[in-house]
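Worksheet: one structure, shown below.
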Amino acid sequence: MTTLRDQILTHYRYGGQPQYTERLLTSVPLDVLYQTITDLLRSNSPGEFAETCFFIQDVVISTHTESAEKFSEGVYTSPVVSALELLVQYAPQYHARNLATYTLGKIWSTNSVGTMIEAFYRHFETDPLLASRLLDEIKWLNGVRDAPHDMTCMQEAAHNWNYLTRWAVVDHCYRGPDSLNIPCLEILAQDENPAIRAEAEFTLALTKNEAAMFDDWPDDEDPITPEREAKNRILEAERNRIYESQPDLTFTTLEQRFWVKAKALQPYDYHVMELMQFADELISNC
C-alpha cells in the first residue's frame, strides 16, 4: 500500500492531474497532511525536500478544487509555513534556504516578510545568492499585501563591504525594474568593482527607460494619442539600444557558470569565498 509520504513525493509525476491531487488531499485529515509535509521538509534528502516544496506550490497555486482551497486557507497557520520559515533562516545548505524562500513567495505567505527580512540580515554577507532571492520575494510579498516596499535592506546591502552582496542588489533591480531602485542603482553605477559598475549602469538605463514608458500612461478607457505613440516608439528604440550594451558578465551569468563548476563537487551548497574566488577570476578575464 502506498503511504501518504510516498504519494506526496511522487505527486510531481502527476502534475496537472487534479483528480490525483484531490484523492491525496481527501485521504487524511488536514492536520495529518500538514504534519506529514512538515516532517518531509525536515528530511535530510535534498530530493525529498524539493518534491515536498513542489507539492505545496502545486496545491496552492495550480489546483483549483474545494479541497485545495481548504488546504490553502489553513496552510498559513499550519506547521508547514513555520517549518519553511525556519529553513529560510537556519537551513545549513543553500539549496534548502533558497527553495524554502521561493516556496513562501509562490504561495503568497505575506506574513513571512518579517522572517525573510531577518534572514536577509543573517545571510546577506555570507550567502549573496540567497540575498538576491530574498530581495525578490520581500518585494513581491509586500506588493501582494499592498504594503509599501521597505528599501532599507537593499540600501544597506548596496553599501556592504562584500562586493558580491552589492552585486546581488543590482541583480534584484534588473529582474524587477522600479523607479524606487534608481537611487541605489545610481550609487552602484559608481562602484569600484568594474563588473558591478557595468551591470548597474545598464540596469539604471533600463529602469529609467521603463519609468519613462509608464509615466502618464493613459487609462484603459482613454485612447492612445499620436503623441503618445510617437513617444513610445522613441522609448522602444532607446530600450533596444540599451539592451545592446548589456554586459556579458552579470550576476546571473556568474551564478550560472559557478553552479556548472560547483555542482560536480557540491551540488546543494557553496561557501562565499569559493564564489568570490570564482568571480574574481571571471572579472579579471573580462
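Values computed for the structure shown
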read-out	value
Selection from PRO177, ASN232, PHE258 lying farthest towards where the dipole of segment 175-286 points positive, charges on Cβ	PHE258
Trypsin sites (Lys or Arg not before Pro) within segment 224-286: DSSP coil, no more than 14 neighbouring Cβ in 10 Å	LYS263
Net charge of neighbours whose Cβ lies under 11 Å from the Cβ of ALA200, counting Lys and Arg as +1 and Asp and Glu as -1	-3
Sum of -39500 (n - 2.57) over DSSP H runs of 4+, divided by residues of the chain (222 nm, nearest 500)	-21000 deg cm²/dmol
J(HN,Hα) series, segment 36-48, from Karplus relation 6.51 cos²θ - 1.76 cosθ + 1.60, nearest Hz, glycine and proline x	5, 4, 4, 4, 5, 5, 8, 5, 7, 8, x, x, 5
Set of lysines near LYS208 by C-alpha distance (under 25 Å), chain-local residues within fewer than 8 positions excluded	LYS139, LYS231
Using θ = phi - 60° and Karplus 6.51 cos²θ - 1.76 cosθ + 1.60, couplings along segment 112-124 (whole Hz; Gly, Pro as x)	8, 4, x, 4, 5, 5, 4, 5, 4, 5, 6, 10, 5
Extension gain, THR2 back to ALA212 (0.36 nm per residue minus Cα-Cα distance, nm)	69.9 nm
Stretch gain in nm, segment ASP269-SER43, where the contour uses 0.36 nm per residue and the Cα spacing is subtracted	79.8 nm
GLU66/GLN35 FRET efficiency (R0 25 Å; Cβ-Cβ; nearest 0.05)	0.70
Relative contact order of the chain, defined on C-alpha pairs under 8 angstrom at six or more residues apart (%)	13
Contact order normalised by residue count of segment 150-189, Cα under 8 Å, 6+ apart, percent	39
Neighbour net charge for GLU66 - beta-carbon separation under 13 angstrom, K R +1, D E -1	-2
Centre separation in Å (Cα based) which lies between segment 116-166 and segment 258-286	21
Net +/- balance of residues flanking LEU282 in space, Cβ distance below 14 Å, scoring K and R +1, D and E -1	-4
Distance in nm between pseudo-label sites at TYR243 and ILE224 (7 Å out along the Cβ direction from Cα)	1.6
Normalised contact order of segment 175-286, rounded percent, pairs of Cα under 8 Å and 6 or more residues apart	25
Qualifying trypsin sites (Lys or Arg not before Pro) in segment 166-211, DSSP loop, other Cβ atoms within 10 Å at most 16	none
Average projected area [Cα convex hull, the chain], square nanometres	17.9
In order through segment 98-109: 3J(HN,Hα) via Karplus (6.51 cos²θ - 1.76 cosθ + 1.60), integer Hz, x for Gly, Pro	5, 5, 5, 4, 4, 5, 4, x, 5, 9, 6, 7
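Laboratory data are not the source of any read-out in this text; all were calculated from the coordinates shown. From a predicted model like this one, the values you see are computed outputs, not experimental measurements. Neighbour counts are summed over all protein chains in view; Cβ atoms, including those assigned to glycine, are modelled from backbone coordinates with ideal geometry.
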